[in-house]
Structures are given as C-alpha cells and as structure tokens.
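Accompanying notes for the structure given below.
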Amino acid sequence: MKIYLLSESPSGYGLFEGHGSDEIGQNTEAVRSSVSDLSRFGRVVQLTAFHPFQSALDALNQINAVSEGYMSDELRSFLELNLPKVKEGKKPKFSLGVSEPKIGSCIFEATKIPCQSNEFVHELLRGVRQHFDRFIKDLKPGDLEKAQLGLAHSYSRAKVKFNVNRVDNMVIQAIFMLDTLDKDINSFAMRVREWYSWHFPELVKIVNDNYLYAKVSKIIVDKSKLSEEHIPMLTEALGDEDKAREVIEAGKASMGQDLSPVDLINVQTFAQRVMDLADYRKKLYDYLVTKMSDIAPNLAALIGEMVGARLISHAGSLTNLAKCPSSTLQILGAEKALFRALKTRGNTPKYGLIFHSSFIGRASAKNKGRIARFLANKCSIASRIDCFSDNSTTAFGEKLREQVEERLDFYDKGVAPRKNVDVMKEVLENLEKKDEGEKTVDASEKKKKRKTEEKEEEKEEEKSR
C-alpha cells in the first residue's frame with residue numbers, strides 16, 4: 001500500500017511519496033537510521049508536488065488552519081489535484097501521512113482520503129523537514145530559515161495578541177498573588193502579635209482583627225506613655241471610643257515587660273509593613289474585580305470574582321475552561337480526591353473549587369450534590385459566552401444566577417423553575433431592545449447636532465450680510 005506524506009513548511013505545502021515502505025515494512029528503527037543520510041533517505045521518500053504560499057499572510061492563515069485542525073480550500077485543491085482519486089465503493093490503495101490526527105480526520109471527512117498519524121509517519125516527516133531544502137531545488141541557502149523565523153514570530157504574535165483587554169493571564173497571576181498575600185499577611189500578623197505581646201499582652205483580647213492590631217500597636221508604641229491624648233487617634237483607628245478607653249485602662253495596668261527603644265522601633269517597622277501589605281491586598285482585589293468584569297463578566301456575575309478567577313487559574317485559561325464539560329468543571333480542584341476514589345473504588349467527590357460558592361453553602365446536605373451539578377452546568381455556559389462572544393455584558397450571568405436561585409427554591413419549596421431556553425430568549429430580546437434604543441438615541445443626538453450646526457451656519461451668514 002502506497003503512502004504519501006503531507007509536509008507543512010513556512011514556504012508552502014509539500015507532498016512526498018514513500019517508495020521503500022514495503023521493503024522496510026514500516027520499521028521505525030530503519031527509518032530513523034536512514035534519516036541522517038540523504039542518499040539513503042532519498043530512496044525512501046521522493047517529492048511528488050509542491051505548492052508555495054503566495055505571501056507571509058497566506059502562510060500564517062494556512063498554518064493557523066492546520067494547527068486548529070481545519071482544512072483550507074487551498075490545501076483541499078492541492079491534495080485532490082496531486083493524489084490519486086478515491087472511487088466510491090472501492091478501498092483506496094494509498095494513505096496520506098499527516099503530523100496531526102485532527103487535520104487527518106478533517107481531510108478524511110471532506111475528501112475520503114485515508115490518513116494516518118503514527119510513529120512511523122512522524123519519523124518520515126522528521127526526515128522530510130531535515131532535508132526539505134534539498135528536495136526543493138529553487139530554494140536558496142538561508143531562505144527556509146528566514147521563512148521559519150518570520151512565520152514563527154507572526155504565529156506567536158497572533159496567538160498572544162487576541163485582545164489586550166481580555167488577557168486572562170493577568171487574572172491568573174492576580175489570584176495567585178492574592179492567595180500568597182493572604183498566607184503572608186496572616187503569618188506576619190501573628191508574628192506582630194507575638195512580638196508586641198511581650199510588651200502589651202492584654203491588647204490581644206481587646207483587638208481581634210490583625211490589621212487593626214498592627215495599626216493600634218503603631219499608635220501606642222510604648223504602653224507606659226498612654227494617656228487621654230491617645231483617645232482620638234485610637235477611636236479613629238478602632239471606630240469605638242469605649243474600646244479606645246479600654247485599651248488605655250489596660251495599658252496602665254498591663255503586666256507586660258518593658259522593651260528598649262530599638263526593639264520598639266523594630267516592632268513598629270514590622271507592623272507598618274504588615275499594614276502596607278494589607279493595603280496592597282485590597283488594591284489587588286479591586287484590580288482583580290475590574291479585570292474579571294472585562295474578561296469574564298458573566299462568570300463573575302454568576303459565581304463571584306474570586307471563585308471565577310480560581311476556576312480560570314486552575315483550568316489554565318478562559319479558553320481551556322470554556323472547553324471543559326460541566327462534569328469536569330464541577331470537580332476542578334478535587335483531582336486528588338477523584339483519583340483516590342477511583343483507586344479505592346469509593347465515592348467520587350461532588351464538587352471542587354465551586355464549593356466556595358455561596359450557593360453550595362445555602363443548599364441542604366442532601367441537595368449539595370444536585371446544586372453543584374446544576375451550578376457547574378451554568379458556569380460552563382457562562383464561561384463559553386465570555387470566551388466566544390464579542391460584546392461584553394453581564395446580562396447572561398445575571399439570568400443564570402437567577403436560574404440557580406430558582407433551583408434552590410425548587411429544592412426547598414417545590415416552585416417550578418423556568419426553562420433555560422426561555423431565559424436565554426428573554427436575555428437576547430432584552431439585548432436587542434437595548435441596541436435598538438441606543439441606535440434611536442444616537443440618531444436623535446445626530447439630528448440635534450445637525451440642527452445646531454445649521455443654526456450656527458445661518459447666524460454666520462446673517463452676520464456676513
């Protein structure tokens with residue numbers, strides 16, 4: 001059985017015929033040993049046809065189509081022109097070797113040309129790539145390297161620059177940073193408490209919050225110097241005058257030991273660093289909220305910014321999350337428990353990261369699994385809308401959230417929820433009405449501008465007369 005090889009290079013499509021495949025019996029080791037020697041490899045593989053790309057843009061479009069598993073019209077015509085025709089009802093006497101199984105299945109569906117992609121084919125294509133400039137006679141030395149470099153740059157640039165405002169990598173980095181900051185702030189705040197408690201141990205029972213504790217310790221500095229003058233500052237920090245007076249009374253009767261000025265300076269410096277970290281954490285959270293409203297507004301409206309960002313981060317990107325089925329999304333973050341359950345043949349987990357959603361907490365114990373499955377379904381829909389829609393809106397996410405609320409009511413009270421089709425139709429109708437309203441407003445504004453311009457022109461003409 002004859003084998004043809006489809007090679008995609010930066011300069012064009014190449015079609016090669018494998019002559020020695022019957023003799024070597026598709027022996028991968030034999031091919032691997034012959035690849036390094038062109039004289040031996042030239043007997044196995046020979047060039048049948050070559051189709052050059054017209055421009056760098058054409059090359060980029062063709063390679064994008066191949067990487068996505070899509071056969072372009074140009075590739076289809078090239079294959080149909082140079083390969084033997086496949087007659088209906090008869091088994092073809094050849095096969096086409098391709099590098100990617102996805103493009104192979106697409107070619108087979110469109111043209112009925114049988115394709116294969118295995119280790120033997122990959123070794124043959126590796127040899128073709130290595131000696132490609134020898135097969136194409138018109139290529140000058142260095143042309144192929146320049147074409148490879150240019151296409152690699154343009155392909156990478158096109159993959160990176162989808163939309164600057166919708167770069168989900170910023171969300172992934174922000175949520176990682178938030179988790180790290182939470183751990184660091186907690187450990188540093190505990191260190192401040194232990195350090196300052198040598199001097200003022202009673203303050204821990206009065207002020208429970210870590211941030212407020214660091215702020216108050218910075219105001220007090222030395223407990224022996226506490227007086228009525230500190231009440232306004234402590235009241236402003238704590239928000240309660242009674243607590244401020246309680247701090248002053250505790251400072252006067254404190255059992256803590258005195259610290260040297262150098263020790264107090266170090267404690268205050270460290271407390272200030274903890275406060276700065278806490279302030280930066282608030283700013284980073286606000287930044288994450290704004291980025292989620294740009295990147296995944298519907299997912300954020302449905303499940304919240306933090307849980308939505310964690311789902312995107314765990315999946316790797318918004319596109320990967322959109323490709324996940326709802327059953328996979330449901331247990332994202334619980335992979336260890338899932339594999340442990342499969343290994344021990346126990347009960348598989350019902351939820352992963354979506355457990356942090358308020359909907360799971362509000363559901364009763366027997367309905368937690370049901371609401372997790374339903375919520376994962378809605379999250380899957382929301383992520384796909386965010387990933388593939390051109391217009392940024394929260395309308396779908398808000399309606400999906402209403403559906404989850406209705407489902408909770410259905411489990412508690414038996415109230416029948418609305419169907420998904422009806423809800424989506426309602427959202428689309430509202431968006432269409434909104435667009436029409438904006439168009440009418442724009443048209444009326446344009447009319448007003450024209451009238452004002454016409455009046456100004458008339459006034460200018462009267463003045464000139």
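The values are calculated or read from the model by the stated rules, or taken from the named source; none is laboratory data. Everything numeric in this text was worked out from a predicted model, so none of it was measured. Don't worry about glycine lacking a Cβ; one is built from the backbone with ideal geometry, like all the others, and counts go over all protein chains shown. These area figures cover heavy atoms from the full protein model, side chains too; ligands, DNA and RNA do not enter into them. Shrake-Rupley method; radii C 1.70, N 1.55, O 1.52, S 1.80 Å.
Helix 119-130 axis versus longest C-alpha principal axis of the chain: approximately 80°, rounded to the nearest ten. When the C-alpha to C-alpha distance is required to be over 30 Å, the pairs from LYS282/LYS425; LYS205/LYS291; LYS183/LYS336; LYS85/LYS146 that qualify are LYS282/LYS425; LYS205/LYS291; LYS85/LYS146. Applied to region 250-263, the Karplus parametrisation 6.51 cos²θ - 1.76 cosθ + 1.60 on θ = phi - 60° returns per-residue 3J(HN,Hα) values of 5, x, 5, 10, 5, 9, x, 8, 6, 10, 6, x, 5, 5 Hz, with x for Gly and Pro. Between ASP435 and SER327, the contour length at 0.36 nm per residue exceeds the alpha carbon distance by 35.4 nm. A straight Cα-to-Cα reach below 28 Å connects LYS455 with the lysines LYS439, LYS446, LYS447, LYS463, residues fewer than 8 places away in its own chain not being considered.
Leaving out ligands, DNA and RNA, and with a 1.4 Å probe, what % of the accessible surface on the chain is carbon or sulfur? The value for the chain is 52 percent carbon and sulfur by accessible area. Oblate is the label for region 296-436, because the ratio a/c of its alpha-carbon gyration tensor axes (a ≥ b ≥ c) is 1.5 or higher and a/b is not greater than b/c. Label-to-label distance, ASN320 versus TRP195, with points set 7 angstrom from Cα along the beta-carbon direction: 3.8 nm.
So what's the convex hull volume per residue for the Cα atoms of the chain, in Å³?
399
Using R0 = 22 Å, the C-beta based FRET efficiency linking ASP184 and MET233 works out to 0.20. What the chain shows is 60 Å² of accessible area per residue, with the surface traced by a 1.4 Å probe over protein heavy atoms. Within the chain, the longest run free of GluC sites (Glu not before Pro) that sit in a DSSP loop with at most 15 other Cβ atoms within 10 Å is 89-465.
Using only Cα atoms, find the angle between the long axis of helix 335-344 and the longest principal axis of the chain, and express it within 0 to 90 degrees, rounded to the nearest 10. Between helix and principal axis, roughly 70 degrees. With helices as the sole contributors, the chain gives -21500 deg cm²/dmol at 222 nm; each DSSP H run of n ≥ 4 counts as -39500 (n - 2.57), and the sum is divided by every residue. In this simple spin-label approximation, LYS102 and MET170 carry label points 7 Å from Cα along the Cα→Cβ vector, and these lie 2.7 nm apart. Using the Cβ-Cβ distance between LYS87 and SER358 with R0 set to 51 Å, the FRET efficiency from 1/(1 + (r/R0)^6) comes to roughly 0.20.
The length gained on full extension between GLU462 and TYR287, counted as 0.36 nm times the residue separation minus their Cα-Cα distance, comes to 57.4 nm. LYS140 to GLU109: FRET efficiency via 1/(1 + (r/R0)^6), r the Cβ-Cβ distance, R0 35 Å, to the nearest 0.05? E(calc), rounded to 0.05, equals 0.35.
Can you classify region 2-160 as rounded, prolate or oblate using the Cα gyration tensor, where a ≥ b ≥ c are the square roots of its eigenvalues, rounded means a/c under 1.5, and otherwise it's prolate if a/b beats b/c and oblate if not?
Details: a/c = 1.76, a/b = 1.14, b/c = 1.54.
The shape class here is oblate.
The label point for ASP263 and the one for ARG245, both projected 7 Å from the Cα toward the Cβ, are 3.2 nm apart. For the listed peptides 213-220, 385-392, a ranking on the average number of other beta carbons within 10 Å per residue, highest first, reads 213-220, 385-392.
Stretching the chain fully between VAL204 and ARG273 yields a gain of 22.9 nm (0.36 nm per residue, less the alpha carbon separation). Any idea what angle helix 101-111 forms with the longest principal axis of the chain, computed on alpha-carbon atoms, 0 to 90 degrees, nearest 10? Taking the Cα atoms of the chain, the angle to 101-111 is about 50 degrees.
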